[in-house]
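To start, the structure itself, in structure tokens.
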Amino acid sequence: VFNSASSRFYVPSDLSGIGGMRVKYIRSCPSWQNEHSRHDCVFVNTDSSLPGMQGLEVARIRAFFSFQYQGGVYSCAVIHWFDKVSDTADEDTGMWIVCPGYSANNSPEHAIIHINAIYCAAHLIPVYGTEFLPRELKFYDSYDAF
């Protein structure tokens, strides 16, 4: 079991790294900086023949692990799927609205995927509504509260 995974990639439009090379970390750990848990969200490539978000799904990493089978090492992630609310992006913001996925019996929709299916990290912004947020709500609980 691992607490994070890193991705190295080339970004020709962003030369701030060494010649456009970048490293991003995706974390899933029970104790982030000795305080609270941290489980990052990601875009998962489900159909590379489709453009943009049509070929991507959103998930939250619950754990990273690897195992050996017939001489090969397989790096995987346990994920909690998010469902797209509609088939298109929001008309006002241009962003996709997602919510945590649950099965018919109200249990979270989990899956195990190979880490090569992870396209990149995702930053989700809550849809807040019109009510004030409770004072006891902490930033690290926001994925579970909205």
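The values are calculated or read from the model by the stated rules, or taken from the named source; none is laboratory data. Quantities reported herein were computed from a predicted structural model and do not represent experimental measurements. In this analysis, Cβ positions are derived from the backbone assuming ideal geometry, glycine residues included, and neighbour counts consider all displayed protein chains. Ligands, DNA and RNA are stripped out before the accessible areas are found, and what is left, the full protein with its side chains, is counted by its heavy atoms. Shrake-Rupley method; radii C 1.70, N 1.55, O 1.52, S 1.80 Å.
Here is a yes/no grid of residues against (1) without any contact (Cβ under 8 Å) to a residue 60 or more places away in the chain; (2) surrounded by 12 or more Cβ atoms within 10 Å (Cβ to Cβ); (3) within 19 Å of the chain's Cα centre (by Cα):
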| site | (1), (2), (3) |
| --- | --- |
| E109 | yes, yes, yes |
| A122 | no, yes, yes |
| T130 | yes, no, no |
| A145 | yes, no, yes |
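So is R38 more than 19 Å from A117 (Cβ to Cβ) and either touching an Asp or Glu at 6+ places or on another chain (Cβ under 6 Å) or modelled with pLDDT of 80 or more (or both) or not? Steps first, please.
Numbers: more than 19 Å from A117 (Cβ to Cβ): yes; either touching an Asp or Glu at 6+ places or on another chain (Cβ under 6 Å) or modelled with pLDDT of 80 or more (or both): yes.
Criteria met by R38.
Considering only residues that are without any contact (Cβ under 8 Å) to a residue 40 or more places away in the chain and among the aliphatic types (A, V, I, L, M), look in region 62-82 and name the one that is surrounded by the most Cβ atoms within 10 Å (Cβ to Cβ).
Top of the filtered list is I79.
Only one of (1) at positive phi; (2) at pLDDT 90 or above is not met by N105, so which one is it?
Failed condition: (1).
Looking only at region 21-42, count how many residues are open to solvent by less than 50 Å² (accessible area, probe 1.4 Å) and either part of a strand (DSSP E or B) or more than 20 Å from R8 (Cβ to Cβ) (or both). Lay out the reasoning, then the answer.
We begin by selecting, within region 21-42, every residue open to solvent by less than 50 Å² (accessible area, probe 1.4 Å); these are 26, 28-29, 36, 39-42.
Retained after the next criterion (residues that are either part of a strand (DSSP E or B) or more than 20 Å from R8 (Cβ to Cβ) (or both)): 26, 28-29, 36, 39, 41-42.
Number satisfying all stated conditions: 7.
I want to confirm something. Restricting to region 123-146 and keeping residues that are touching a strand residue (DSSP E or B) at 6+ places or on another chain (Cβ under 7 Å) and not in a loop (DSSP other than H, G, I, E, B), which single residue is nearest to R62 (Cα to Cα)?
Y143
Please go through region 45-61 and pick out each residue that is of a type in the set (D, E, K, R) and either in contact with a helix residue (DSSP H, G or I) (Cβ under 7 Å, 6 or more places away or on another chain) or open to solvent by 90 Å² or more (accessible area, probe 1.4 Å) (or both). Break it down stepwise before answering.
Narrowing region 45-61 to residues of a type in the set (D, E, K, R): 47, 57, 60.
Of everything in region 45-61, those that are of a type in the set (D, E, K, R) and either in contact with a helix residue (DSSP H, G or I) (Cβ under 7 Å, 6 or more places away or on another chain) or open to solvent by 90 Å² or more (accessible area, probe 1.4 Å) (or both) turn out to be D47, R60.
So which residues in region 132-143 are closer than 19 Å to E35 by Cα and open to solvent by 100 Å² or more (accessible area, probe 1.4 Å)? It would help to see each step written out before you state the result.
From region 132-143, those closer than 19 Å to E35 by Cα are 135-143; that's our starting set.
Residues satisfying the conditions are R135, E136, F139.
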